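Undergrad: Please see the structure below; I have some questions.
The values are calculated or read from the model by the stated rules, or taken from the named source; none is laboratory data. Everything numeric in this text was worked out from a predicted model, so none of it was measured. Heads up, the Cβs are rebuilt from the backbone with ideal geometry, glycines too, and the neighbour counts pull from every protein chain shown. These area figures cover heavy atoms from the full protein model, side chains too; ligands, DNA and RNA do not enter into them. Shrake-Rupley method; radii C 1.70, N 1.55, O 1.52, S 1.80 Å.
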Amino acid sequence: MTVAGSASRCGIDTVEIARVERLLRETPEDDIARIFSRAELDECAGAGRAASLAARFAAKEACLKLFPRETALGTIVAEDFSVERDPYGAPRVVCSAAAQTVLGRNRIKGISVSLSHDRTSATAVALAHPMVADAPWLGRAMYRLLPLRRKVVLENLRRVFGDATPAAEIETLAQAHYAHIGRLLWEFLRFPWLSAERRRSMVRVENLDALIAALGQGKGVLILTGHFGNFEVATAAGLDSFPEARGRFWFVRRPVKPPWLDRLVARRFARAGFGILPKRGGLDAILDKLAAGDLVVFPFDQHASRKDGVLVEFFGHPAGTFRSLSVIALSTGAPVVPAASWREPDGTHVLRFEAALAPIEHADADEAIRLNTRAYNAALEPLIVRHPEQWWWAHRRWKAWPAAASRTPRR
């Protein structure tokens, strides 16, 4: 669990209104639409358009100044931030997926902005509000007394957050993660004994329309996900929100140890209405399910060896990543829909679907696979940093490939 603190960073920028007037006069509309979002352009229509857009452009630049390292590296650009009105008419910052990842890795909860202008110039002030982790007593106790893979957990957290996060915050995040594992074990034992009504009341499904729209393409759906929250509780209960898909969800998974636990998990998946497809040797079955218009769930956040994977960036570091999802998506045209689940402080589980990812085409088949695989990792990043304590940090995700087989990934 995280809470917001007072502002920790400030960015200020000023833009001459005449500069924006010239931009509007001399720039094609399609190019302007790449600088400003559709909401920004619609809200600034009419008298005073140039001044209003100048203030928003100043806000974009002020937001970039909050993250000088990522701005210098080109990780984020001005177009990753848009300034729109909230229901009360106040300006609010809307972040792209890339910007959400940057905010999360810097432990920033959100950005507030103030806009102003006079006859000649517009000024914006951006304030970054930090997140501060809060570890329950259970997590602190497990961290000290049952430190399962504690070294791996801390190494992974430092890899993702270490550049901008104090060591004490990293340790608190680790403790919050152990608390999540404790609750996960308790929910695993308790869930089968709950009534169907109680299970439904525990879960909220968000943006189901994105999944329905993807399914409407008639090519099946590939669901890109990872080890987030309590995916069993969220998906099993959330399936009641989408009864027409019951019996059409298939999980791609490898067996877990010990065998009795694998059999138990398989039985619980079957009772919930999910099928299981093997990760190895299951390609024909996956293609058959997609051809039938079914939904295939790919947990995509595990390490892949050179035999099965491609080396692409994940949180700015090279990571062996399975190529199979890209191969299947490119060969079948099935849309890829990111999804994640998390647990709210009140115990409610949320299952959220995101808009389908646009496929990346390339004349070179290997390059197309690499580009799409990197895009899938990039789609997972903001989902992880949104609720970082509820991702599976104990996995050796960035395990090095043998030196003879390694190569430096391209961005």
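Undergrad: So for the range 327-337 (the condition being touching a strand residue (DSSP E or B) at 6+ places or on another chain (Cβ under 8 Å), within 20 Å of residue 215 (Cβ to Cβ) and modelled with pLDDT under 95), does at least one residue qualify?
TA: First pass over the range 327-337, keeping only residues touching a strand residue (DSSP E or B) at 6+ places or on another chain (Cβ under 8 Å): 328-329, 334-337.
Restricting the remaining residues to those that are within 20 Å of residue 215 (Cβ to Cβ) gives 328-329, 334-337.
Cutting the leftovers down to modelled with pLDDT under 95 gives us none.
Looking for residues that are touching a strand residue (DSSP E or B) at 6+ places or on another chain (Cβ under 8 Å), within 20 Å of residue 215 (Cβ to Cβ) and modelled with pLDDT under 95, one finds none in the range 327-337, hence no.
Undergrad: Within the range 298-308, track down each residue that is surrounded by 18 or more Cβ atoms within 10 Å (Cβ to Cβ) and without any contact (Cβ under 8 Å) to a residue 24 or more places away in the chain.
TA: The answer is 304, and nothing else.
Undergrad: Could you list all residues from the range 184-201 that are in a helix (DSSP H, G or I) and either at pLDDT 95 or above or hydrophobic (A, V, I, L, M, F, W, C) (or both)?
TA: Listed by number, the residues that qualify are 184, 185, 186, 188, 189, 191, 193, 196.
Undergrad: Pairs needed: first member in the range 72-86, touching a residue at least 40 places away in the same chain (Cβ under 8 Å) and of a type outside the set (A, V, I, L, M, F, W, C); second member anywhere, open to solvent by 60 Å² or more (accessible area, probe 1.4 Å) and assigned to a strand (DSSP E or B); C-beta distance under 7 Å; at least 6 residues apart or different chains.
TA: 84/92
Undergrad: Here's another thing I want to ask about it. In the range 178-209, what residues are within 19 Å of the chain's Cα centre (by Cα) and open to solvent by less than 20 Å² (accessible area, probe 1.4 Å)?
TA: Hit for the range 178-209 is 180, nothing else.
One line per residue, one yes/no per condition, for (1) closer than 30 Å to residue 133 by Cβ; (2) part of a helix (DSSP H, G or I); (3) at pLDDT 95 or above; (4) open to solvent by 20 Å² or more (accessible area, probe 1.4 Å):
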site	(1), (2), (3), (4)
6	yes, no, no, yes
11	yes, no, yes, no
18	no, yes, yes, yes
22	no, yes, yes, yes
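Undergrad: Only one of these is touching a Ser or Thr at 6+ places or on another chain (Cβ under 7 Å) and open to solvent by 20 Å² or more (accessible area, probe 1.4 Å): 269, 231. Name it.
TA: Residue meeting the stated conditions: 231.
Undergrad: Yes or no: residue 320 of a type in the set (Gly, Ala, Ser), farther than 17 Å from residue 250 by Cα and crowded, with 23+ Cβ neighbours inside 10 Å? Let's see the steps before the verdict.
TA: Working: of a type in the set (Gly, Ala, Ser): yes; farther than 17 Å from residue 250 by Cα: yes; crowded, with 23+ Cβ neighbours inside 10 Å: yes.
In short, yes.
Undergrad: Give me the helices (runs of 4 or more DSSP H) completely within the range 97-175, filtered to those with at least 2 residues that are surrounded by fewer than 16 Cβ atoms within 10 Å (Cβ to Cβ), ordered by residue number.
TA: So the answer is 137-145, 150-161.
Undergrad: Another question, if that's okay. Restricting attention to the range 79-93, which residues are under 15 Å from residue 57 (Cβ atoms) and touching a strand residue (DSSP E or B) at 6+ places or on another chain (Cβ under 7 Å)?
TA: 80, 81, 82, 83, 84, 91, 93
Undergrad: Can we say residue 291 is open to solvent by 60 Å² or more (accessible area, probe 1.4 Å) and more than 30 Å from residue 346 (Cβ to Cβ)?
TA: yes
Undergrad: For the structure I just gave you, tell me whether residue 257 is of a type outside the set (A, V, I, L, M, F, W, C), surrounded by 12 or more Cβ atoms within 10 Å (Cβ to Cβ) and farther than 20 Å from residue 199 by Cβ.
TA: For residue 257, the condition - of a type outside the set (A, V, I, L, M, F, W, C), surrounded by 12 or more Cβ atoms within 10 Å (Cβ to Cβ) and farther than 20 Å from residue 199 by Cβ - is not met.
Undergrad: Report, by residue number, each residue of the range 292-302 that is farther than 25 Å from residue 199 by Cα and either among the aromatic types (Phe, Trp, Tyr) or not in a loop (DSSP other than H, G, I, E, B) (or both).
TA: Within the range 292-302, 300 is the sole residue that qualifies.
Undergrad: Here's a follow-up. Can you name every residue in the range 56-94 that is open to solvent by less than 30 Å² (accessible area, probe 1.4 Å) and either touching a Phe, Trp or Tyr at 6+ places or on another chain (Cβ under 8 Å) or of a type in the set (Gly, Ala, Ser) (or both)?
TA: Listed by number, the residues that qualify are 56, 58, 59, 60, 62, 63, 64, 76, 78, 82, 93.
Undergrad: Only one of (1) of a type in the set (D, E, K, R); (2) within 23 Å of residue 373 (Cα to Cα); (3) outside any helix (DSSP H, G or I) is not met by residue 289, so which one is it?
TA: The failed condition is (3).
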